[in-house]
Amino acid sequence: MDLNAAITVNGNPVNSGSPSGLIGLSVGTNVISVAVVSANTAVTNNYALTVTRIAPNSNASLVSFSLKR
């Protein structure tokens, strides 16, 4: 674990161990990009979180969630 890694969520910096800012979700498929760069910049890991939001006035349960590296 690299406690000094640089983390971005949708291009916005996030401190390690802290939540990102609010992320607005449109109805339908939303992709949230996460990049983690080691402190010495030797290693970069990119992740794409896909979140599907259903239309309002429907069941608000999470419908799908996928993580791709």
| remark: Subset of the range 1-48, residues open to solvent by 60 Å² or more (accessible area, probe 1.4 Å), within 23 Å of Leu62 (Cα to Cα) and part of a strand (DSSP E or B), comes to Thr29, Val31, Tyr47
| request: May I ask you to say which residue of Thr52, Thr8, Thr41 is under 10 Å from the mean Cα position of the chain (by Cα) and closer than 19 Å to Arg69 by Cα? | output: Thr8
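The values are calculated or read from the model by the stated rules, or taken from the named source; none is laboratory data. Just so it is clear, the model here is predicted, and its values are computed rather than measured. The accessibility values were calculated without ligands, DNA or RNA, using every heavy atom of the protein model including side chains. Shrake-Rupley method; radii C 1.70, N 1.55, O 1.52, S 1.80 Å.
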